[in-house]
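> I'd like to ask some things about the structure below.
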Amino acid sequence: MAGVGLAAGAIAVPAVVALHAYILPAMASAAGTGLPAGYLNVYRPAELALLALAGLVIAAAGAMLSAG
């Protein structure tokens with residue numbers, strides 16, 4: 001389960017960052033407003049690592065619940 005959790009985190013975190021970078025400007029453009037760079041650059045490397053490890057924790061918790 002640890003491998004599955006790490007794989008999920010490794011796939012999901014970059015996907016979410018890419019979606020954030022695509023969807024937020026599209027929404028601002030549809031509304032006809034400008035978007036400061038501070039709204040796009042919100043993820044720091046330490047936060048991304050914690051998000052990836054969250055996948056591991058969720059997978060481990062799910063495995064323990066079903067194993068119990």
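> Anyone know which of 17, 57, 42 comes out most mobile in the 10 Å Cα GNM of the chain?
Taking springs between Cα atoms under 10 Å, the residue moving most is 42.
> Quick one: helix 2-31 against the long Cα principal axis of the chain, what's the angle to the nearest 10°, folded into 0 to 90?
20
> Please report the relative contact order for the chain, taking Cα pairs under 8 Å with a sequence separation of at least 6, and give it as a percent rounded to a whole number.
For the chain, the relative contact order is 64 percent.
> Build a GNM of the chain with springs between Cα atoms under 10 Å: which of 31, 54, 15 gets the top mean-square fluctuation?
Looking only at 31, 54, 15, the largest GNM fluctuation is found for 31.
> Among [x] 22, 17, 8; [y] 19, 13, 11; [z] 33, 12, 9, which is the computed semi-axes √(5λ) of the Cα gyration tensor in Å?
[z]
> Just to check I understand the Karplus step: with θ = phi - 60° and J = 6.51 cos²θ - 1.76 cosθ + 1.60, what whole-Hz values come out for region 47-63, glycine and proline as x?
Coupling constants for region 47-63: 5, 5, 5, 5, 5, 5, 5, 4, x, 5, 5, 5, 5, 5, 5, x, 5 Hz.
Bear in mind these aren't lab numbers, they're just calculated from the coordinates by the rules spelled out. Since the structure is predicted, the reported quantities are computational estimates derived from the model, not experimental observations.
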